[in-house]
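Data block below; observations after.
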Amino acid sequence: MDPKFVDILKRLADDEGKEVLLDQERCQAFLADYAKNEYKKERRLIAQALEARVPKAIAEAEDLEACQRQQVKVLYDEYGLATNVAMDIVNALLLVLREYIVSVEANPETLESQRLAATKSVAGNSSAYLSRGKDHLRDKKYDAAIGEFSEAIKLDPNNFSAYNYRGEAYAGKGEYDFAISDFYKAIGLAKDDPSAYFGRGKVCAEKGQHIEAINDFNKAIELGKDDFHVYFNRGKSHAGNNQHDEAISDFDKAIELDEDSYDAYLNRGEIYFRIGKKSYRALTHHKRHMGYSGKDGDYESPELDNAIDDFTSAIRLNPEDSIAYRRRGDTFCKLDKYDKALSDFEKVIDLAPQDPFAYLSRGNAYHGKKEYDNAISDFDEAVELKPDLAEAYGYRGRTYKALEKKKEAIKDYGKALSLDPDLDWVRQELRDGW
């Protein structure tokens, strides 16, 4: 601190009494007059010390050396002041209020050790907040985690880990913009650390920003993150961006790194199903125009076969989860293997009796077998469980059409399109007529 300003503090204390340095309003008013509108930075720092009640602590302290360390920490905690700046303020007040002298020239090593001790104390507290925050994050107590990480950031504004973990906590709460902001700050503090890029990539993916997500996952891999999670998440973003070959390649890599991952097999199976379904639609369109009539189960698709293999692997890894059974059943339906599909849908309903999509899928299998009454019954159940399920009305309308119940079919088709105007296959059914 400028020695001339310290002299002003001494003169103020001599003229008005040392108590003036304990009264925030009086001290600031007198300092403005004594300093003649100069030393604005020093006056601001003294104002912060007064707000933090540093002068009062010094005036009442018995152990001045311990008081010095503690008040430096207070200024660091409350205002984020650099340790050397906080030390200058405290030493000036110690000199004026208690005539306690710390000579920088005479004792440079002592002063430096005091500064390091204060800094170490701050860092220790920051680490404690960080540790508690990580525990809360692991337990999915996101608000509590955010509070701890925020305290760590107050103590150490350049703490990469605090920003990175707080970003994860915000992401867990679904507050994606706050999460992205924290990941940006973390990246600014440690550009060569892959974890913040990975975290930001996951949030971008959740927001549907798959190109940005892929770029972040690429950067994380470039910086050395070579684990299951980065390839799995990049695969999901490639899938979201309809980059099927790239998605399969990433899921291949993820499975290579963790061959017991239910999610990796399930997601890769979904991609194979998409590709196979597209091929199936093209073949069906060709058959319709060529007047082809074949027997059930005569359609072959290596992609759908791959999908069945992956869904089977997922079932092996998690036999109590209904999703893989349903998706395998849907795939069997595309291959016209309706009995196998029905077996899977029975398992789905056993595991998740309130799942409307289970009845929707089983209804489709019954329709494929031309067991139309059973199909109608399942579509009725799907609508009962989820009245806004547009596809249930569409498929029921298709079954009514097969039963030549034109009035009921048109009503269901209309309801389906009112709920989801993008169901193009329903429009095609209406255009095809009876």
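The values are calculated or read from the model by the stated rules, or taken from the named source; none is laboratory data. This is a predicted model, so every value here is computed, not measured. So basically every Cβ, Gly included, is an ideal-geometry build from the backbone, and we count neighbours across all protein chains shown.
Would you point out which residue out of Glu112, Glu105 is in a helix (DSSP H, G or I), at pLDDT below 90 and charged (D, E, K, R)? Talk me through it step by step, then tell me what you get.
Numbers: Glu105 fails: in a helix (DSSP H, G or I).
That would be Glu112, the only listed residue that is in a helix (DSSP H, G or I), at pLDDT below 90 and charged (D, E, K, R).
Would it be correct to say that Asp226 is of a type in the set (D, E, K, R), free of Cβ contacts under 8 Å to residues at least 24 places away in the same chain and either surrounded by 17 or more Cβ atoms within 10 Å (Cβ to Cβ) or not in a helix (DSSP H, G or I) (or both)? Give the steps one after another, and end with the answer.
Numbers: of a type in the set (D, E, K, R): yes; free of Cβ contacts under 8 Å to residues at least 24 places away in the same chain: yes; either surrounded by 17 or more Cβ atoms within 10 Å (Cβ to Cβ) or not in a helix (DSSP H, G or I) (or both): yes.
Yes: the conditions hold for Asp226.
Collect the residues in segment 323-348 that are of a type in the set (D, E, K, R) and over 19 Å from Leu266 (Cα atoms), keeping them in residue-number order. Let's see the steps before the verdict.
Let us first name the residues in segment 323-348 that are of a type in the set (D, E, K, R), namely 326-328, 330, 334, 336-337, 339-340, 344, 346-347.
Correct list: Asp336, Lys337, Asp339, Glu346.
Among the residues of segment 60-79, write down those that are loosely packed, with under 15 Cβ neighbours inside 10 Å and not hydrophobic (A, V, I, L, M, F, W, C).
The answer is Glu60, Glu62, Asp63, Glu65.
Looking at Leu94, Leu45, Leu21, Leu12, which is the one that is in contact with a Pro (Cβ under 8 Å, 6 or more places away or on another chain) and modelled with pLDDT of 85 or more?
Leu21
Since Glu148 meets every condition but one in (1) more than 25 Å from Asp77 (Cα to Cα); (2) surrounded by 21 or more Cβ atoms within 10 Å (Cβ to Cβ), which condition does it not meet?
(1)
Here are some residues: Arg316, Arg327. Which one is surrounded by 17 or more Cβ atoms within 10 Å (Cβ to Cβ) and under 31 Å from the mean Cα position of the chain (by Cα)?
The unique qualifying residue is Arg327.
Test of understanding: among Asp192, Asp250, Asp258, Asp182, which residue is touching a residue at least 12 places away in the same chain (Cβ under 8 Å), crowded, with 24+ Cβ neighbours inside 10 Å and over 18 Å from the mean Cα position of the chain (by Cα)?
Values: Asp192 fails: crowded, with 24+ Cβ neighbours inside 10 Å; Asp258 fails: crowded, with 24+ Cβ neighbours inside 10 Å; Asp182 fails: over 18 Å from the mean Cα position of the chain (by Cα).
None of the other options fit; the residue is Asp250.
Given the structure, is Tyr79 at pLDDT below 85, more than 27 Å from Ile153 (Cβ to Cβ) and aromatic (Phe, Trp, Tyr)?
On the way: at pLDDT below 85: yes; more than 27 Å from Ile153 (Cβ to Cβ): no; aromatic (Phe, Trp, Tyr): yes.
Here the answer is no, as Tyr79 does not meet what is asked.
Return yes when Ala375 is of a type in the set (Gly, Ala, Ser), under 27 Å from Tyr262 (Cα atoms) and buried (at least 18 other Cβ atoms within 10 Å of the Cβ) and no when it is not.
Details: of a type in the set (Gly, Ala, Ser): yes; under 27 Å from Tyr262 (Cα atoms): no; buried (at least 18 other Cβ atoms within 10 Å of the Cβ): yes.
It is false that Ala375 is of a type in the set (Gly, Ala, Ser), under 27 Å from Tyr262 (Cα atoms) and buried (at least 18 other Cβ atoms within 10 Å of the Cβ).
Can you tell which of Ala196, Ala220 is farther than 23 Å from Glu246 by Cβ and part of a helix (DSSP H, G or I)? Show your work before the answer.
Details: Ala220 fails: farther than 23 Å from Glu246 by Cβ.
Going through Ala196, Ala220 in turn, the sole match is Ala196.
Surrounded by 20 or more Cβ atoms within 10 Å (Cβ to Cβ) and within 48 Å of the chain's Cα centre (by Cα), is that true of Ile46? Step through it out loud before you land on a result.
Values: surrounded by 20 or more Cβ atoms within 10 Å (Cβ to Cβ): yes; within 48 Å of the chain's Cα centre (by Cα): yes.
Yes, satisfied.
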